[in-house]
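A.B. asks: There's a structure below that I have some questions on.
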Amino acid sequence: MYNILIVDDEKMICEGIRKAVPWSGLGISSAYTALSGYEALNLLGKYEIQIVITDINMSGMTGLELISRIRQQSPDMRILVLTGYDKFEYARECLRMSVADFLLKPVDEVILEDAVRKQIGWLDRQNELKYQKVLQERRQSVVDEMEIERIVLNLLHNRVCLENEYGLLFTSYHFPRDVKLQTVFLYPEQCGMSGSASERVTSAALKNVCILLVDAQSAGITVTDIDGKIVVTFFITQQNTLDDNIARLEKILKTEYGCFLRKITGSVVSGYRNLYLSYNEAVWKKEQDKMHFRELLPSVCSGRRLDTFRDVYEELKNRTGDSIGNKAAVMHLFDTFCQAVDTYALTAEHTCKCCFDLVSYAYFCSSRVSDELTDRMLHDMGKTLSHAEKNDAIEITRSWLLRIYGSDDDDRNGIIAKARSYIDANLEKTLSVADVADRLCVTPNYLSRLFSQNTGEGCNEYMVRKRLEKARLLLTETDLPAGKIAFSVGYNDINYFSLAFKKFTGLSPTAYRKSVRTES
């Protein structure tokens, strides 16, 4: 949906245009009015407006002066000119300033609607081109990242790396040539984090942080090794030391994820061809290190009592992951966890970390929540638990688990009811199943499956049916043109709407209206 601004120093004309045109049917969500060029510039700075309709002859600031000011800040603004003077000079000046259309007063409503519709079509095409460009850039970025990772992994493992492939690091990806390098293995060490599923969650978060703080700042290269290790090759300079880089990573991980960073460093080497020497030294250090990075609690809390708790916790967590969709079972397991926390006298800090781990694992195992939502929710959860007392952490975690595993009949029916309500209230929008799922904080696949299982009709099929039922009602009870009805029920293409309507009713929109009018 777009916004439009009508500018004319005659209030009656402004209001007349605003009220005469059914803007929502054209794809316009808001139509603003301004009685001067100065007021128009103020509104343009305040709201996101894509189309301007302006008079030429206005007091204070003329329409041409307004257009000139708009062009300085918004070169792509779609501008329609209304004037009561059919002067060639005006038309020529408007063409020079790339005005989209030049209309004479009094303008016919149908002509104005058609002119606005053309601009909306132009905006839609531009947005599609921008989307395709962004999509292409993202695809290319993914391809580049994969190629960089492949080359760097070959260098780390001292595998054959052809000269032309090696040269891409400098010619295509612009890495510095004459720089010292140091390889570091990074592990997110979080109390309670254990098990392959949980590791994938925190490793993915760590890699994203590294890419943002290291790769994006041209401070190094981040890759994932064959066994899942996060390996960062830092560029060591006088201005950018290893300790500086690690300190930034540690601060972000501790603040945003509640994680502590563990690192194993290789030696400093000169030249990318020697990267394997730094990497192999880090591997050797890792093998010599007898600490287990996936222990439930840090070594300062080690002991037989906590070893026993660790075993109990791992069993509870795994059974929680296996109980997706069974709220009663999950909450019974959580009650057992609470008893274990008291029995083994866990501290408030360790309780909070175990609670965060439990929720993280639950989110990862649940297909109801998308990756994007998972990151946002876990961020909120981490902030909530960061300063919580022991009992508060327990109750916070209980409420979050109920949100994730609330999948009994009442919850399912609630989701379907909310989905139907949202669809019914937004039929004029270009909705998709993904839009509805995002609104309800579930994944599109989960929503589609739930909708089909409980209604016998797919979510997308429901949207189409409700749109066409509304269109049928409007054709029966109003004289609105079929094109306007199509826009009002979410169809931007009148031909596609006609085909869909005919498939639904057996008649074209025009024929259907004629048939119901004849019957009555």
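The values are calculated or read from the model by the stated rules, or taken from the named source; none is laboratory data. Given the structure is predicted, the values throughout are model-derived calculations rather than measurements. Methodologically, a virtual Cβ is constructed for each residue, glycine included, from the backbone with ideal geometry; neighbour enumeration extends over all protein chains shown. Quick note on the areas: whole protein, heavy atoms, side chains included, nothing else; ligands and nucleic acids left out. Shrake-Rupley method; radii C 1.70, N 1.55, O 1.52, S 1.80 Å.
A.B. asks: If you scan the range 450-465, which residues turn out to be of a type in the set (G, A, S) and either at pLDDT 90 or above or open to solvent by 40 Å² or more (accessible area, probe 1.4 Å) (or both)?
C.D. replies: Just the residues of the range 450-465 that are of a type in the set (G, A, S), to begin with: 452, 456, 458.
Correct list: S452, G456.
A.B. asks: Any idea which of S24, S98, S29, S68 is assigned to a loop (DSSP other than H, G, I, E, B) and modelled with pLDDT under 90? Spell out the reasoning first.
C.D. replies: Working: S24 fails: assigned to a loop (DSSP other than H, G, I, E, B); S29 fails: assigned to a loop (DSSP other than H, G, I, E, B); S68 fails: assigned to a loop (DSSP other than H, G, I, E, B).
Of S24, S98, S29, S68, the one residue that is assigned to a loop (DSSP other than H, G, I, E, B) and modelled with pLDDT under 90 is S98.
A.B. asks: Would you mention how many residues in the range 489-512 are surrounded by fewer than 20 Cβ atoms within 10 Å (Cβ to Cβ) and part of a helix (DSSP H, G or I)?
C.D. replies: Qualifying residue count, the range 489-512: 12.
So that you can scan it fast, the table gives a plain yes or no per residue for (1) farther than 30 Å from W122 by Cβ; (2) at pLDDT below 85:
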{"residue": "A482", "(1), (2)": "no, no"}
{"residue": "Y496", "(1), (2)": "no, no"}
{"residue": "Y512", "(1), (2)": "yes, no"}
{"residue": "S520", "(1), (2)": "yes, yes"}
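A.B. asks: Hey, another quick one. Can you report the number of residues in the range 224-248 which are outside any helix (DSSP H, G or I), among the polar types (S, T, N, Q) and open to solvent by less than 50 Å² (accessible area, probe 1.4 Å)?
C.D. replies: Let us first name the residues in the range 224-248 that are outside any helix (DSSP H, G or I), namely 224-241.
Within this subset, residues satisfying the condition of being among the polar types (S, T, N, Q) are 224, 233, 237-241.
Subset that is open to solvent by less than 50 Å² (accessible area, probe 1.4 Å): 224, 233, 240.
Summing the residues that are outside any helix (DSSP H, G or I), among the polar types (S, T, N, Q) and open to solvent by less than 50 Å² (accessible area, probe 1.4 Å) in the range 224-248 gives 3.
A.B. asks: So, E287, is that one out of contact with any Gly (no Cβ under 6 Å at 6 or more places or on another chain), within 24 Å of N391 (Cα to Cα) and modelled with pLDDT under 75 or not? Don't jump to the end; show me each part of the working.
C.D. replies: Numbers: out of contact with any Gly (no Cβ under 6 Å at 6 or more places or on another chain): yes; within 24 Å of N391 (Cα to Cα): no; modelled with pLDDT under 75: yes.
No.
A.B. asks: Six or more apart or on different chains, Cβ under 6 Å: which pairs go from a residue in the range 118-142 that's farther than 30 Å from V223 by Cα to one that's surrounded by 12 or more Cβ atoms within 10 Å (Cβ to Cβ) and at pLDDT 75 or above? Could you list them?
C.D. replies: Taking only residues 6 or more apart or on different chains, the pairs are Q119/I51; Q119/R78; Q119/A100; I120/G27; L123/Q50.
A.B. asks: So, V81, is that one in contact with a Cys (Cβ under 8 Å, 6 or more places away or on another chain), at pLDDT 80 or above and either within 26 Å of C14 (Cα to Cα) or part of a helix (DSSP H, G or I) (or both) or not?
C.D. replies: Numbers: in contact with a Cys (Cβ under 8 Å, 6 or more places away or on another chain): yes; at pLDDT 80 or above: yes; either within 26 Å of C14 (Cα to Cα) or part of a helix (DSSP H, G or I) (or both): yes.
Answer is yes for this residue.
A.B. asks: Next up: Which pairs turn up if I take residues in the range 1-23 that are under 29 Å from T430 (Cβ atoms) and open to solvent by less than 30 Å² (accessible area, probe 1.4 Å) and look for partners that are assigned to a loop (DSSP other than H, G, I, E, B) and of a type in the set (D, E) with beta carbon separation below 9 Å, at least 6 apart in sequence or on another chain?
C.D. replies: Y2/E48; N3/E48; I17/D8
A.B. asks: Quick test of your reading of the structure: L402 fulfils all but one of (1) under 18 Å from R319 (Cβ atoms); (2) at pLDDT 80 or above; (3) of a type outside the set (F, W, Y). Name the failing condition by number.
C.D. replies: Every condition holds for L402 apart from (2).
A.B. asks: Related question: Does Q140 fit the bill of being within 30 Å of the chain's Cα centre (by Cα), surrounded by fewer than 13 Cβ atoms within 10 Å (Cβ to Cβ) and at pLDDT below 70?
C.D. replies: Values: within 30 Å of the chain's Cα centre (by Cα): yes; surrounded by fewer than 13 Cβ atoms within 10 Å (Cβ to Cβ): yes; at pLDDT below 70: yes.
Against the criterion (within 30 Å of the chain's Cα centre (by Cα), surrounded by fewer than 13 Cβ atoms within 10 Å (Cβ to Cβ) and at pLDDT below 70), Q140 qualifies.
A.B. asks: A further question follows. For the range 456-479, which positions are touching a residue at least 24 places away in the same chain (Cβ under 8 Å) and of a type in the set (A, V, I, L, M)? Give the steps one after another, and end with the answer.
C.D. replies: Initial filter on the range 456-479 (touching a residue at least 24 places away in the same chain (Cβ under 8 Å)): 459-460, 462-468, 470-472, 475-476.
Those that are touching a residue at least 24 places away in the same chain (Cβ under 8 Å) and of a type in the set (A, V, I, L, M): M463, V464, L468, A471, L475.
A.B. asks: Shifting gears a bit: Determine the pairs where a residue that is farther than 24 Å from V359 by Cα, located within the range 199-223, has a partner that is at pLDDT below 80 and in a loop (DSSP other than H, G, I, E, B) with Cβ atoms under 8 Å apart, the partner being 6 or more residues away or on another chain.
C.D. replies: Taking only residues 6 or more apart or on different chains, the pairs are A219/N240.
A.B. asks: Out of all the residues in the range 182-211, which are at pLDDT 80 or above and open to solvent by less than 20 Å² (accessible area, probe 1.4 Å)?
C.D. replies: T183, V184, F185, L186, V209, C210
A.B. asks: Quick check on this structure: which one of L468, L475, L440, L447 is at pLDDT below 90, of a type outside the set (S, T, Y) and under 16 Å from G25 (Cα atoms)?
C.D. replies: L475
A.B. asks: Take the residues of the range 306-318 that are open to solvent by 10 Å² or more (accessible area, probe 1.4 Å) and either β-branched (V, I, T) or within 17 Å of W400 (Cα to Cα) (or both): which is modelled with the lowest pLDDT?
C.D. replies: Keep residues of the range 306-318 that are open to solvent by 10 Å² or more (accessible area, probe 1.4 Å), which gives 306-308, 310-312, 314-316, 318.
Keeping just the survivors that are either β-branched (V, I, T) or within 17 Å of W400 (Cα to Cα) (or both) gives 308, 312, 316.
Working: T308: 68, V312: 74, L316: 78.
Across the range 306-318, the extreme among qualifying residues is T308.
Results for (1) under 27 Å from the mean Cα position of the chain (by Cα); (2) not charged (D, E, K, R), shown as yes or no for each residue.
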site	(1), (2)
A471	no, yes
L475	no, yes
N492	yes, yes
K502	no, no
